[in-house]
Structure formats: structure tokens, C-alpha cells
Amino acid sequence: MAAVRSVADALERIRGPATTVTTYGPERDEALHAFLERFDVEVYHEQLPVSADAGYLTVRSGGEYRGSVPASAFADSVDPPRDAPWTPEVRESGYGELGTLLAGARFTSLERPHLLATTREIEDRAFRVGRGTLYAGFQSLSAYRAQLRIYERLAAETNLSVHVYGESDWTPPAIERVTVHTGATEQGTLAGDELGAFWFVAFDGGEDDAMACALVAEEVRDGEYRGAWTYDPDIVREFTAYLDGTYGSDGLDTGGSDGPDDVGEPTETGEPSGSSEQNG
Amino acid sequence: MFKTTPMTPQDTLSDLFRALSHPYRRVVLYYLRENEGASLDALAECVTGWSESAAGAEADGDAVDYGTVRIQLHHTHLPMLAAAEFVTYDADSGDVTLRDLTPAAETVLSTAASADGGNGELDVDALAASSRE
């Protein structure tokens, strides 16, 4: 695979085969269908004389059957939990089931709650594996501020290396094994303004390819994103190699302060791309 | 396999219940009643999803996979439904078409659908009525 040349290029690489979603049940679940229509997938409904809670959906991709999700998980799919990554709400969420099956499918319009839920799944994978490298692009560091407690715990309770990216509108406190990259140099901003434009999260799997995953999303309108996520370890590897190569992997380019000045409690307000609905 | 010219009403009902004794065959018929016809692939997708979901998992405890379901439909279940005159199955093209069902079959299927679909208990009265037809 050729080297990834930008975050936008990484997103272009995540392009799975054509995907079809079929729902089965006594009637169309309109909220679920509205959610699925945010993706570049074909969506069908088949009447089946079962009770609404006995319905389900199936996903087919590139002609292959990929899996199913029971109706009991539909509500989580439409309105996913955004709790901290290690919580039962995230681990037992039905959102993950559908999210896994939609990997590789482009979404054309998702808002922050769904991106945050997908981000939580990736952070939880990293937390569970406990080693390897987690990359998180917050667009602006003030969004990282709202997630600071989560990342403090991720770093404190695992052997993960964490790289945080974002335009510098807040000076984060130094956290061991968390490296902050703003892309700013004396010559100007690295790689244009991609750090401000893209929400991304990637986990290299910690030597386990099966755990590698990445989300790349571009903010196309205020609060509205297009993008995709993937479990393809090759794409994740190329993407993280690009991030390391462009922004550094050694922490020399730290946007963080060395001292605890301006460290106050992370507020729930300065969060353009994170959501305040986290309970870290 | 199935008698094509049943001798008695009891034979008719026994054949009917035998044809409907496997959940895959019932789900195929539920699907076809909404669609008239379907491809083997579409039926395999529907049945696999049903088996994996809560309603199917209760009726069919073993783990399933799409490839196995598709093969079982092709080799076993669709030929049985064809022999019982519920469907026509073109094994070459994979096309499955629902035939006209007898009133007894309609009643039994509807009652079974209610039970399979998590709508409640099997409606024994409806079944008893159908057996008297």
C-alpha cells in the first residue's frame, strides 16, 4: 500500500465494498432508517410477521454476509451512549454491533454524538489491550480539554502511548505518556489546517492487528462530519505512520506546557468537537 | 418424503406439521408470504439474521453462519417445502416462489408466526379449528 500523504488521503483509503443493510420486522423503524441513510449504503426493509422487538437487520458487503443486529440494539444505534470508554454502557452498547458491521462504509453526515460513540469504542479497545499507541485528533485542544479526565485515566492505567492532536487554543497540562501535537512550527502550520478540519482516532492494536482501528472524519459544516471508520490494520498502519512522520512521535513537538499553570479543572464547556456528555 | 396425495385429513395435517417442523422452513414461508418470490441468497440472509437474533436464538440454540444456512436451505429445507407443495424451487437459478397455500396451511402458519415472532403463546384454538377443516 502506498504511503498515506495526508489525513484526507487516509480517509480516501477507507473505502470498503458496496454495502447493503436490510431490516426485518413488522414495520420500518424510521429512526433507524434515518440513521442508516446517513451512510453510503443501500437500505431495504422486509416485512416479517414478528413482534417489533423480535426484528433485526442484516448487513451484506461486497456480496458477503457480514452479520446481524437484533432490534434490541436499534435504540443504542440511533442514540449511542457516550459514557467513558471503560463503562458497561459503552462495552454493552448495541451501537458497537452495528458500528462494527458498518466499518468501511462512508458516512455522509454524522454529528458529534455518533462520532463520540465511535471514538469511545476505539478508546475502549486501546484501554482493554493496554499497550500500543492511541492517536486522537481533537481539531482543537480545547476539545481535548473536555476529555482530559478520560485521557488522564487512559494514560495512568495502561501502558499506552497516547498522541493528541489539535490546533492550539488551550494549553493542556503535561501527562506522562501523552504527547500533544499542535502542528505549529516557526515556519507555520504543518500540513495545512488538517488538524483543525479532521476528527480522527486511531489505535495501532498494540501488536495485535485484530484490534487495530481508526476513525477519520472531516467537518464539512458546523458540527456535521463525513468520513468512515475501519478495522483494516494496513490502513491503520499507513495512517499512523503518516501521523508519526508528519507530526513526530517523540514528543519534541509538544504543544503542552511543562508546568501546571492554566491547569484548572477541565470544564464541560470548551468542547467544540467533544461532547460534554462524558463522565470521566 | 411427503405424500403428494394424502389419504386422510390426519395425513394432511401430519404432512403440514412436518413441513413446518423446522424454524428455518417457517421463516422462509413468513418471508415468502410478504414477497411471493425470493432468491436463495435473500432467504439465507433473512434466516441467518433471524437465527442470530433473539427470537431465532431461542428456537435454534446453535450458532449459525450464513454459508451453513444457505447450504441447508438449498439441500434440505427448500426441497422439503417444494415436495410439500408450499413453494417451487429452481435449484439452478436459486429462485423460490410461493405457491397457493391451503386454508389450513395459512391458519397454521399465521399461528406459528405469532409464536415464533415473540407475540405470545401458540394459539391452540386456532390450530384446533384448522385441523377440523
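Nearest 100 Å² is fine: how much accessible area is buried between B and A, summed over both sides, with a 1.4 Å probe? Show your work: numbers first, answer last.
Details: alone 7300 and 12090 Å², together 17840 Å².
Buried surface at the B/A interface: approximately 1500 Å².
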| What is the antiparallel percent of DSSP beta bridges lying wholly in segment A:31-169, to the nearest 5? | 55 percent
| So which DSSP H runs in chain A come out at 20 Å plus along the axis (Cα) with average Kyte-Doolittle of at least -0.5? | A:233-247
| message | Using a Förster radius of 22 Å, what is the FRET efficiency between B:Asp41 and B:Asp11 based on their Cβ-Cβ separation? Nearest 0.05, please. | response | 0.05
| task | At 1.4 Å probe size, with no ligands or nucleic acids counted, give the accessible surface of A:Asp79 in Å², nearest ten. | result | 100 Å²
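Between the DSSP loop rule and a limit of at most 12 other Cβ atoms within 10 Å, which GluC sites (Glu not before Pro) in segment A:173-210 are left? It would help to have the intermediate numbers written out before the result.
Values: sites: A:Glu176, A:Glu186, A:Glu194, A:Glu207; in loops: A:Glu176, A:Glu186, A:Glu207.
For GluC sites (Glu not before Pro) across segment A:173-210 that sit outside H, G, I, E and B with at most 12 neighbouring Cβ atoms in 10 Å, the list reads A:Glu176, A:Glu186, A:Glu207.
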| At a Förster distance of 41 Å, what's the computed FRET efficiency of B:Ile71 paired with A:Ala156, Cβ-Cβ distance as r, to 0.05? | 0.20
| query | Hey, rough spin-label estimate for A:Ser72 and A:Arg221, points 7 angstrom out along Cα→Cβ, what's it come to in nanometres? | reply | 3.7 nm
| remark: The FRET efficiency for A:Asp208 and A:Ala241, from their Cβ-Cβ distance with R0 = 25 Å and rounded to 0.05, is 0.90
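The values are calculated or read from the model by the stated rules, or taken from the named source; none is laboratory data. Everything numeric here is computed off the predicted structure, so don't read it as measured data. Because the Cβ atoms are built from the backbone with ideal geometry, glycine has one as well, and the counts that use them run over all protein chains shown. Protein only, heavy atoms only, side chains kept; ligands, DNA and RNA dropped before computing areas. Shrake-Rupley method; radii C 1.70, N 1.55, O 1.52, S 1.80 Å.
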